[in-house]
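Scroll down for the structure; my scribbles are underneath it.
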Amino acid sequence: MDKKSVGSKSEESSLMKDKKGISRRQYLAIAGGAIAAAVIGGTAYYLSQWRKPAPGPGKPIRIGLPESLSGALSAAGMSVLLATQIWVDDVNSKGGLLGRPVELVFYDAQSNPSLGVSLVEKLFTVDKVDIVLEPYASLMGIPCIPVFIEHNAICPALFNLWGNEKFQYKYYFELMPDGPIPPLTGKTKGLFELAEDLEPKPETVALLGVANEWGQRSITEGAEPICQEKGFNIVYKEIYPPDTTDFLPIANSVKAANPDFVYAATYPTDAVGLIKAFHELGYRSRLQFGGMVGLQYTSIQMSLGPLLNGIVNYHYFIPSPTMRFPGIEEFLNKYQAKAAGLGVDPLGYYLPPFAYARMQIIEQAVEATGTLDHAELGEYIKTHEFETIVNPKLRFAENGEWEKEQYILIQFRNIQSSDISEFTCSFDKPSNKMVIVWPPEFATGEFVE
Amino acid sequence: LIELILNTIVAGILLGGFYTLISLGLSIAFGLINISNIAHPTFVLAGGYFAYTLYTALGIDPIISGVISIPLFFIIGVFLYRVYNVLIEKRGHEKGLISLVFLFSLLILIEVGLLMIFGADWRSVYTPYMVQSVKVGMLSIPLRMFIPFVIASIVDIFFYYLFSKTFFGLGVRAIAQNPSAAMLMGYNPLKINMLAFGISLASAALGGSLLIMIQPIYPFSDRAFIGRVFAVVVLGGMGSLYGTIVASIILGLVEAVVAVFLGASWSMLISFAILLLTLLLKPEGLFRR
């Protein structure tokens, strides 16, 4: 048998070909081109929904936002963009800033920290915008801080976890209301403060944390010292990898340790996994979980439905008569009207109000100083009080964190289904499904074991 | 302690069942028709969104959606293989970087498409029966993991029959070994591979419909599974469906047992250490094709 005719590479390759190759190739090229055009066109249209020309006369004040519009942080990033865009519309409808229209220049940082850093640099040096905003979350935001320092610019951060701890940058300010002492954030210590008030006082605790900046440090630098101080005995502690798929083994271990209460510092997917696993085992401690990032998002709440009943977790804000800050209701109405069509959190209680408040601080600082000079703006922000939709008397500490922490613990109760109405709260009447149980300043009900 | 050990072993086996379901299709594509389909977990994700759409629009249970997705994704797979064949194989690029770039581009296109259609928010379905457990003595068996395990077992049996007893299945394996000889036996490599890739994507979509019952998804949640499914296929032995099943169960068991007795942070480390060790001792994986 001719060696070349059977089994050779050219022969094998030719076996994959058919006789109508040219016409089909043309057909496929056209089809491929059409699909590519549709995707590119669709993407352009999608993004064009966000980009609106700034009205009004004069040279616009340009604000740069490198935000994660794709990738792991895109759900939050999109809602930040929407909230910021609402502020731009609001301020332009009032005549702009310093009499000039405001224009938002934004890019997709793709949840990629190195790209985020490049985009911040680009916004400063190529686009030469007047103010640059930090991208949402520690992963994206913290690596950008040196660029802000290099440009001696104000660094408006949004939910960076203890972002300025290492830099101590003078013009940094953070909207996450965790307070000025980094490891002892409200969302860590809240559950322990509530536990301390229970009768009889719980003695044992299990600590669970996802192996990232939040989970790891919340456990080792927050929960563990608090347990030592308050006399809670840690009977189980686990730091698990972020991509853990099944939480039954961990839930089994907690059940075997049988603590009085459980503190968990999670991210969204592991929060869902843990809650389902606990439910499936039929295990429930007296008080759980406190520090789950994810239970604030409407979509995550809807995915769990009645499984949330009894759980106590941190939040920063929900509509209630005790948290009716000036302007918040109007903002949420505008946000919710637009959110549904854009595929972002439809209720927007968690992050969007703080993204909007960030812009209110910049607005008030610019109007008060009458300048876009960053040194003047930075000094003003450090030393003045701001009226925002998340706190009408917001002041910053020396390290740029909120001078006074502001967090709430909510207990989920009476949830019957996964319908969005179960998680919709009102400013007129306290919710009986998401009850604020801590702190007393904002509480709308007592914790029920 | 005995209860903890037994429940841990059961949890590991059930987790392995889910890994099997999302890896079998890749085993066919990667091991039998030589397509290192890096976009395989993205099709799993697309299957999840398909189930989500039917659930929210028509109230259809994700398991039913999984069944409905099979013919749809099969057709998509057949079409995609044809495109791959024309653009990559006919030009002799199937073993080079271009093939990988093509598949990675496909991955990005699907992710961006999902982002445009569904937005960036988390999506999930809530099915009350899936958060129940069955108690058998000391064992607590969650339906959320047990149902995927049962479906994976059915798919295993079907694939075993298909790839070892049918003319088509034997053809897939024959072409993987020697296309020229297979052609002499009456097989059309192009058609056989088109069908095999269709089956690969159909099983991915079925896995996706169960993924959304296990955890919420967003347009980029496929990335978390890329390493794991390739690890399963490589550990099991390229193209060995039996090996894929065994490797899935091993990785599931290791993850669960290590999480309980050593700490969850050690799970992935030990899983991949086992993979490396296996490749060192048996480069072809646990089982040969």
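Laid out as a table, the results:
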| read-out | value |
| --- | --- |
| Within region B:256-289: backbone nitrogen closer than 19 Å to the residue B:164 label point (7 Å, Cα to C-beta) | B:285-289 |
| Span-like helix ranges in chain B, DSSP H, alpha carbon extent 18 angstrom or more, Kyte mean at least -0.5 | B:2-26, B:40-58, B:62-84, B:97-118, B:143-165, B:189-214, B:223-236, B:241-258, B:267-281 |
| Per DSSP, loop trypsin sites (Lys or Arg not before Pro) in region A:396-449 with at most 14 further Cβ within 10 Å | A:404 |
| Two-site FRET efficiency, residue B:180 against residue B:97, from Cβ-Cβ distance with R₀ of 22 Å, rounded to 0.05 | 0.25 |
| For region B:1-45 and region A:92-124, distance of Cα centres in Å | 43 |
| Sites residue A:98 and residue A:420 - FRET efficiency at Förster radius 60 Å, r taken between beta-carbons, to 0.05 | 0.90 |
| Cα centroid separation, region A:323-374 to region B:125-175 (Å) | 48 |
| Entries of A:122/A:334; A:230/A:276; A:255/A:276; A:255/B:135; B:90/B:191; A:276/B:135 with Cα pairs more than 19 Å apart | A:122/A:334; A:230/A:276 |
| Peptides B:39-47, A:288-296, A:419-427 ordered by average Cβ neighbours within 10 Å, highest first | B:39-47, A:288-296, A:419-427 |
| Mean separation of Cα contacts under 8 Å, 6 or more apart, over the residue count of chain A: relative contact order % | 15 |
| Gyration tensor over alpha-carbon atoms, the protein assembly as shown, equivalent ellipsoid semi-axes in Å | 47, 34, 21 |
| Gap separating the Cα centres of region B:225-289 and region A:165-219, nearest whole Å | 36 |
| DSSP beta bridge pairing in the protein assembly as shown, given as percent antiparallel to the nearest 5 | 35 |
| Two-site FRET efficiency, residue A:441 against residue B:269, from Cβ-Cβ distance with R₀ of 60 Å, rounded to 0.05 | 0.85 |
| Average partner coverage of B:127-139, which counts Cβ from other chains inside 10 Å | 2 |
| 10 Å Cβ neighbours from other chains, averaged over peptide A:272-280 | 5 |
| Sum of -39500 (n - 2.57) over DSSP H runs of 4+, divided by residues of chain B (222 nm, nearest 500) | -23500 deg cm²/dmol |
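Every read-out reported here was derived from the displayed coordinates using simple, explicitly stated rules and does not represent laboratory data. None of these values were measured; they are calculated from a predicted model. In this analysis, Cβ positions are derived from the backbone assuming ideal geometry, glycine residues included, and neighbour counts consider all displayed protein chains.
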